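The values are calculated or read from the model by the stated rules, or taken from the named source; none is laboratory data. These numbers were taken from a predicted model, which means no experiment stands behind them. Reconstructed Cβ throughout: ideal geometry from the backbone, glycine too, with neighbour counts over all protein chains shown. The area values use the complete protein model at the heavy-atom level, side chains included, leaving out ligands, DNA and RNA. Shrake-Rupley method; radii C 1.70, N 1.55, O 1.52, S 1.80 Å.
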Amino acid sequence: MSGNLTGSARKVKDGAADLHNTIQKWSKYNSESLDIVNEIANIKLNTIFEQEKEENDGKSLPIPEELEPLCTQLSEYLEKFDRLVSKIEALALMFHGIKNLEDHNNKEKETDVILFKTWPVGMFEQRTRALLDMYKNEAEAKRVIAENICHVKDRNTMMCYTASWVHQPYINEATHSLYLEGLAKSRPCSAGWIELLMSQAEIQRGQVVGILPSLTTSWSPVVTVSSSSILLNALVQGCKLIKCYAECPSSDTWIISMSNGFDNPAFDDGETKKPPSDSVSPGDVTRNKDGDKKAGDDLDYRYGWGPFKIRCLQCCNKMSLFVVAVFIMCFVEGVAVNGIANAALPAIEKQFSLSSTKSALIPSSQDIGALCVVLFVSYIGGRYHKPRWVAAGSLIMALGSFIFIIPHLAEKYVYEENSAAITTDGMCNGTRGGGAAPPPCSNNDKYLPVFIIAQMVHGFGFTPMFTLGTVYIDENESHSLAAVYIGLTYAAAAIGVAAGFFVGGQIAQKLFVDFDRVSVDFDARDSRWIGAWWFGFVFTAVLFVLIAIPIAGFPKFLPGTEKYRSNKQAADNKEKQSCGSMAKALMKAFFKTFLVLLKNPVYMFLNAAGCAQTLIIAGVGAFSFKFLSEQYNLDFDIAGYLIGGLILTGSFGMFLGGLLVKIFKLQLVGMLRLCTLATLISALLGVSFLAGCPEVPLAGLEVTYADKSEKSGFADSCHATCSCDTQAFSMVCGNDDTVYYSPCHAGCSSSQGAGPMTTYGNCSCIASRLNVPITHSSASAKSGRCEYECSKLEILAPCLFFAMVSVLTAVTPSSMSTLRCVEEQDKPFALGIQWMFYRLLGTIPGPVLVGWVIDRSCLLWAGGSCGSSGFCQLYSHSQMSIGIMTWWVVVSLVASLLFFISSCFATRSDNKYEISKE
């Protein structure tokens, strides 16, 4: 037969294909439901049976609560089985109708109507009804098992139920395989060979074993070794199946189904064609629950890389292990991007003479990078292999960490060999080596673009994780457990930030910036000290590469997770299109989806609230290290420990948010109200930022010199003969509890000791204030700021801890709310749009605005040239604390209000957005 099939032949062909698809769906559902049956059996065996063994009192124990959702899922599969049985029944009726129609149209013919070279039309009906009987009985057996398995109190009965579900006793595998494969895969055999088989129909099993070698040798084109077992099973059962082939006219060539056959003509239009991509052919590979290919699709559910997907690796093919891998990746990302990078800001500002407003571009630029790619990654990447995109992002972040090191490799830090802190020359004659103003038009800003590019590349890299990675977890796990897993990934990033501050503080305090090049004899208390801000990125670059390897091995979808996805990606089933038509379709769908999201009030107000929330987290977080070290005069390592500890304990809020969603089974409105309450509490606790320390009593700036009634600068008669105009800023603390700009500005003319332990004597300005002779022992000073009592940190620290817990508690419910207020297919794109808003209106301007607030509190600038203000050497504590407090409280209140408005819209749209309880 050639040409396109029409009429009855076409209907028979389509019906046969539908039957194959239906049977393969049954196999898939049976494999998926088997996981549920096994889980029920394990719960029963591990809990009820053990309790009954101990109690042995014959009383009936209550059914464990964890069985209820499993039973519900099992009942859903029973409904699917029933629908498949109804489908097979409908196909049998269709074949019956076609047979009657063809019989009516061919009344004069004595033989059955032949539409194909294989079977008469009646044969299709007979085989379909035989399969119908098998599957109808098996569906009823599964229903009985499902209704009783949760109530079983006997171990042997439970094992029987489980085995019955696996082996499906009402489906005769040998007969079933021959019936099913006979529709599509076959080999020709002559009538003489069929007669030979029929003549052996009543022989015993031993005789069959003896005849098989002769059959496989004599009829090698017909029977192969791989198909011998099928033939053996058919013969042992009486050869009833083989007899059916004798019903055809002897002059025709008939077909016996074998596993190594070629396509049945019933499945082509006279030309050699491959089956359509959305249909299931019996030759398609069917895999097991360990992650192999599923029947009926071209997805590979196995764990591994390329062709290297051996069976021993499939133990890694679990969502829990994927979460572990991305947990590590998010941890390293937090260490690099928001931990050591932010802890390095004071050192970078000092080495490259940058103001806080300029240095704020470094943490902001990571979000600029993310903003550039988030729409592309979330929309395009969301339709392809998400784990591989996440792994590629990790490699990109490794590149970003390497770029961050380039300024250190390119330029050596030049410092004064003899600063005012260590000179042994006279302090009051201006002859010390160094201390002159920086040369005009210094070009230290040239490395700022390098830092910005490095952080932008970091932003490119972590975008796939927080868009595609989040969706991958949500679509491969139950909604309630997905909330916990997503919360863990966010918590990992926060823990990484804490670890980054731990490490960054230690590096800044213990390692000199050029420790790999030179050895110095001064430490962090010296004004020339700059910590090794680059060192941590060496390790993060290596770790990003290593963690990308296991993440790339996960399949596009995890095995057995189809029940968590209401819709598969449409792109997997669409026919191939040209590049132009595909791009046009994508752009059209892009703008259509974008407009739908913009018209969603719940989603838009949720985005606005999230932007306000990220203004707080990104802005204050970027300069928290600097704030604590300046405000409370803390060493870098102590400040790192404090910030890391606060973030580490405060990150519990991210996990707490997901946990509260699970415990209270919060739906959309409940999650939004939780965010409202959390941000409101955070706003109230932000008032604690007013608990700042007193100002540094810098003579001439914050306090007056002894012989003056008002502050008029650093010049004074007490050091008029000292030529201090060219002295570098190197604070000393006098015995009069006053801080002086330098030993020269204190009028000191002698020194003793070396390094940070240097003391200065014969200080005329200190003697004048104390009203003692200049040679008196009290007329002395020591390096650094004065040590003064300030217990205000004991107020701020606990309040800041609870404020951070409150802020971070809203993170996970906010993300989950986004996934609940949009359509299933729009989730990746919605997260991408949300992250675009977060960066455009939150994390990008946040550090810059807070940097501006901090710069407004600067009292003393240095290192500036050619119109640049340089970096700040001293800040006003009161102005800094008031500015940060105002920022925190106002923005938190705005976020709380926006969350509340979003919840109001969600309440009005309750029926649309709420989902059923898990």
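Check the range 440-461 and report whether any residue there is open to solvent by less than 50 Å² (accessible area, probe 1.4 Å), under 13 Å from the mean Cα position of the chain (by Cα) and not basic (Lys, Arg). Yes.
Take the conditions more than 30 Å from GLY381 (Cβ to Cβ) and modelled with pLDDT of 85 or more and apply them to MET880. Does it pass? It is true that MET880 is more than 30 Å from GLY381 (Cβ to Cβ) and modelled with pLDDT of 85 or more. Have a look at GLY700, GLY713, GLY657, GLY686 and point out the one that is free of Cβ contacts under 8 Å to residues at least 40 places away in the same chain and either more than 26 Å from TYR485 (Cα to Cα) or not hydrophobic (A, V, I, L, M, F, W, C) (or both). Matching residue, one of GLY700, GLY713, GLY657, GLY686: GLY713.
Results for (1) open to solvent by 30 Å² or more (accessible area, probe 1.4 Å); (2) of a type outside the set (S, T, N, Q); (3) under 25 Å from GLN509 (Cα atoms); (4) in contact (Cβ under 8 Å) with a residue 60 or more places away in the chain, shown as yes or no for each residue.
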{"position": "ASP707", "(1), (2), (3), (4)": "yes, yes, no, yes"}
{"position": "HIS719", "(1), (2), (3), (4)": "no, yes, no, yes"}
{"position": "GLY747", "(1), (2), (3), (4)": "no, yes, no, yes"}
{"position": "SER768", "(1), (2), (3), (4)": "yes, no, no, yes"}
{"position": "PRO773", "(1), (2), (3), (4)": "yes, yes, no, no"}
{"position": "SER815", "(1), (2), (3), (4)": "no, no, no, yes"}
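Residues considered: LEU680, LEU668, LEU672. Of these, the only one that is touching a residue at least 40 places away in the same chain (Cβ under 8 Å) and surrounded by fewer than 22 Cβ atoms within 10 Å (Cβ to Cβ) is LEU680. Exactly one residue among PHE664, PHE636 is closer than 24 Å to ILE795 by Cβ and not charged (D, E, K, R), and that residue is PHE636.
One line per residue, one yes/no per condition, for (1) touching a helix residue (DSSP H, G or I) at 6+ places or on another chain (Cβ under 9 Å); (2) under 22 Å from ALA454 (Cβ atoms); (3) at pLDDT below 85; (4) open to solvent by 10 Å² or more (accessible area, probe 1.4 Å):
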site: LEU299; (1), (2), (3), (4): yes, no, yes, yes
site: LYS309; (1), (2), (3), (4): no, no, yes, yes
site: GLN314; (1), (2), (3), (4): no, no, yes, yes
site: ASN317; (1), (2), (3), (4): no, no, yes, yes
site: LEU321; (1), (2), (3), (4): yes, no, no, yes
site: CYS330; (1), (2), (3), (4): yes, yes, no, no
site: VAL335; (1), (2), (3), (4): yes, yes, no, yes
site: ASN338; (1), (2), (3), (4): yes, yes, yes, yes
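For the range 502-517, the set of residues classified as touching a residue at least 40 places away in the same chain (Cβ under 8 Å), outside any helix (DSSP H, G or I) and not basic (Lys, Arg) consists of VAL513, ASP514, listed by residue number.
Of the residues HIS151, HIS96, HIS167, which single one is surrounded by fewer than 18 Cβ atoms within 10 Å (Cβ to Cβ), at pLDDT 60 or above and either more than 30 Å from LEU67 (Cβ to Cβ) or touching a helix residue (DSSP H, G or I) at 6+ places or on another chain (Cβ under 7 Å) (or both)?
HIS96
Residues in the range 366-408 that are open to solvent by 40 Å² or more (accessible area, probe 1.4 Å) and in contact with a Gly (Cβ under 6 Å, 6 or more places away or on another chain): LEU375, TRP389, ILE396. Only one of the numbered conditions (1) surrounded by fewer than 19 Cβ atoms within 10 Å (Cβ to Cβ); (2) part of a helix (DSSP H, G or I); (3) at pLDDT below 80 is violated by ILE48, and that is (1). In the range 524-541, the qualifying residues are those that are over 27 Å from the mean Cα position of the chain (by Cα) and of a type in the set (A, V, I, L, M), and the one that is most open to solvent (accessible area, probe 1.4 Å) is ALA524. Within the range 533-552, residues that are in contact (Cβ under 8 Å) with a residue 40 or more places away in the chain and more than 29 Å from PHE625 (Cα to Cα) sit with their Cβ atoms under 6 Å from residues that are of a type in the set (Ser, Thr, Tyr) and part of a helix (DSSP H, G or I), at 6+ positions apart or across chains, in these pairs: ALA548/SER394. Restricting attention to the range 684-722, the residues being assigned to a loop (DSSP other than H, G, I, E, B) and aromatic (Phe, Trp, Tyr) number 2.
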